[in-house]
Amino acid sequence: MKARVYKALAKAVVLESIRRKDLWVVAILGFLILVSSGALGLFGIGGLEIFVKDLAVSVLGLFSTILAVLIATRMMPEEIKQRTLYPLLARPITRLDLIIGKTLGAIAVSWIAFLLLAALTGLALAGFHVTFEPIMAQYLLAKMMGLVVICGLGVAFSTLMTPSAASTMCFVIVFGSTMISRALVMAYESCSPLLQWVFKLIDWALPQVSLFDLGGRAVYMHWSPVPMWVMGALALYMAVYFAGATGLSWLKFRRQPL
Amino acid sequence: MAVAAICACAVACGGWIGNFAQVLNPPVRPAGLEAHETSAGASLLGQFRASASAWLYLHTDLYLHNGVEMRPLSDAEKLAGRHGVGAADDGHEQLADENNLVTVVPGKERDFRGVFGDLERATAAYKKMEGHKHNEPENTLPLFRLMTLIDPQFVPGWTMGATIIARDDARTGEALSYLKQGLRENPDSVEILSQLGYYDITRWKRLDEGAEWMERARAFGYDRFKFLDESELDALRSVYRWLGLCYRDMAQFDKLRSALSEGARLFPDDVIIARLLNPPPIILSDSAKKAWTARIEKAAGSQIR
């Protein structure tokens, strides 16, 4: 029963995204990728295969993250602003169902966008006979799990603050969490025990989005695929973080006057 | 890929609008205001070219380490007695000083993050780098060619690229051609001129031609001494040393004294220049020669601030 509700809500988000021409952004970015690869071809890429792969993976990660943040943080506030939320809540669904269904929709849209971009990038690289190793499949899978975390976080922020603030905060945390985490590691040993505990708490609370980025291994040569336990741990982390973020959204949204 | 597009466009613009390229990349840098200081468009494009080439330069390090990111130790870490991963174990030590480098992703023994740290080490391009080996430096050459194509005024792209080409003695001529191409774009570069001289002297034993390059480097360096950056100062310092050695071997003692006196004035703390300028008289015994050299070195050493 619930599954049908979530599916219907998620489908509505995808259709709305198509109607709003969000995926046109993906098409334009894809076109840019193809044109730029053509321009790069003018100069020849002999010996630059790794560099081209690195660029492709970086741009793919960047664009898909930006799209996921924008889709996730804008969705709920727009439903409220355009008053399309009322007919939805008039149906026999709870506010938690609504949040879960909508977040799943955001995830679906970001996955579609990511896979479209990945396909176009792959097409462009294939034109240059640039090949990837099998770990690329794991890269795609891990990145899709990372998008789940980002979407969960984006929806949570959008229920807590204005859409602009939510997207800004989401960008800062998603792009800054790696840097913050590394700074904590560097400073940890020279800190007092109390501060070390604070560092641990901050690190555990931060979304570890960089864990889902296997780009470094996918781009450079002869890196083995990551063990299955790692993929399993990433999936578990994704599930826990998604549940936490959705719970936070629900705590705020369940009593929010509309 | 989009970055590549912008790179490509920047390069294409340089060739397409010939005059614009001349303004952006004049063969000789004017002493007064440059285009990027007076034109917003040129400034933006110029900044982009500089950033792109610097970014590519940093990327060569990733190439060498097969994607493993490295960082220098912080001052606090050095004070705490932490050591870097140490030099590579493959004869590439001259490419970079890695004694103060550690991996960006920390090793398990220095990581408080527990399972998150384990996961990052498993998913990122990470491995223990003590006694590590580099990928073939020749693989980075296309990057050097690309960075100098994007920004011909990026001197490290020319000098390091030439160093990598010249690792193979048989390709010294190719390295010299590459440097001469760089010299056309940067005619007053002390680093490029000194490297040209270095290869002539050490590889082809052409002391007279090597000394000519060094003299050109010396003249440009002397004129702009107050404005040289750290790497140019290092290059100029070695220019005086090589000139001293060249003139000594060619028995041109007037030129030797002139060059070394000037070098000693500019670099009073340089022990090698001081020693070359004041060789022990041949009539002294071995022990007296040693004492002489020690006094010279002590005098130069006392100049170090």
Kindly list, by first and then second residue, each pair from a residue in region B:218-230 that is part of a helix (DSSP H, G or I) to a residue that is acidic (D, E), limited to pairs with Cβ atoms under 8 Å and residues at least 6 apart or on different chains. B:R218/B:E262; B:F220/B:D188; B:G221/B:E232; B:Y222/B:E262
Need pairs with beta-carbon distance below 8 Å; first residue in contact (Cβ under 8 Å) with a residue 24 or more places away in the chain and within region A:198-210, second buried (at least 20 other Cβ atoms within 10 Å of the Cβ) and outside any helix (DSSP H, G or I); sequence gap 6+ or separate chains. A:S210/B:A124
Condition test on A:R255, is it over 20 Å from the mean Cα position of the chain (by Cα) and not in a helix (DSSP H, G or I)? yes
Here the residues within region A:98-135 that are away from chain B (no Cβ under 14 Å) and closer than 23 Å to A:H222 by Cα are A:H129, A:T131, A:P134
Subset of region A:220-242, residues aliphatic (A, V, I, L, M), at pLDDT 90 or above and touching a helix residue (DSSP H, G or I) at 6+ places or on another chain (Cβ under 8 Å), comes to A:V226, A:V230, A:M231, A:A233, A:L234, A:A235, A:M238
One residue from B:D111, B:D168 being outside the structural domain of B:F227 (by TED's automatic domain parsing) and out of contact with any Lys or Arg (no Cβ under 6 Å at 6 or more places or on another chain): B:D111
What single numbered condition from (1) more than 23 Å from A:D54 (Cβ to Cβ); (2) within 12 Å of chain B (Cβ to nearest Cβ); (3) touching a residue at least 12 places away in the same chain (Cβ under 8 Å) fails to hold for A:M228? (3)
All positions within region A:214-225 that are more than 7 Å from every other protein chain (Cβ to nearest Cβ) and of a type in the set (S, T, Y): A:S224
Is it the case that region B:158-171 has a residue that's part of a loop (DSSP other than H, G, I, E, B), under 30 Å from A:F51 (Cα atoms) and among the basic types (K, R)? yes
Taking the condition surrounded by 16 or more Cβ atoms within 10 Å (Cβ to Cβ) and at pLDDT 85 or above, does B:A300 pass? no
Those residues of region B:58-76 which are surrounded by 20 or more Cβ atoms within 10 Å (Cβ to Cβ) and either among the polar types (S, T, N, Q) or part of a helix (DSSP H, G or I) (or both) amount to B:T60, B:L62, B:Y63, B:L64, B:N66
Note on region B:176-189: residues in a helix (DSSP H, G or I), surrounded by 22 or more Cβ atoms within 10 Å (Cβ to Cβ) and not aromatic (F, W, Y) are B:L179, B:G182
Restricting attention to region A:90-126, which residues are of a type outside the set (D, E, K, R) and surrounded by fewer than 13 Cβ atoms within 10 Å (Cβ to Cβ)? A:A90, A:P92, A:A119, A:A126
Within the group B:A291, B:A264, B:A251, B:A235, which residue is within 26 Å of B:N186 (Cβ to Cβ) and either of a type in the set (G, A, S) or buried (at least 18 other Cβ atoms within 10 Å of the Cβ) (or both)? B:A235
Index of the failed condition, A:P207 passing every other in (1) within 15 Å of the chain's Cα centre (by Cα); (2) surrounded by fewer than 19 Cβ atoms within 10 Å (Cβ to Cβ): (2)
Quick check on my filter: what residues within region A:3-30 are in contact with a helix residue (DSSP H, G or I) (Cβ under 8 Å, 6 or more places away or on another chain), of a type in the set (A, V, I, L, M, F, W, C) and either exposed (fewer than 14 other Cβ atoms within 10 Å of the Cβ) or at pLDDT 85 or above (or both)? A:V5, A:A8, A:L9, A:A10, A:A12, A:V13, A:V14
Any residue at all in region A:216-227 that is of a type in the set (F, W, Y) and crowded, with 18+ Cβ neighbours inside 10 Å? yes
Counted residues in region A:172-213 being of a type in the set (S, T, N, Q), within 12 Å of chain B (Cβ to nearest Cβ) and not in a helix (DSSP H, G or I) come to 2
Of the conditions (1) surrounded by fewer than 19 Cβ atoms within 10 Å (Cβ to Cβ); (2) at pLDDT below 85, the single one that B:N135 does not satisfy is (1)
Only one of (1) more than 15 Å from the chain's Cα centre (by Cα); (2) surrounded by fewer than 22 Cβ atoms within 10 Å (Cβ to Cβ) does not apply to A:A56, and that is (2)
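The values are calculated or read from the model by the stated rules, or taken from the named source; none is laboratory data. Keep in mind it's a predicted model, so treat the numbers as computed, not measured. Cβ atoms come from the backbone with ideal geometry, glycine included; neighbour counts cover every protein chain shown.
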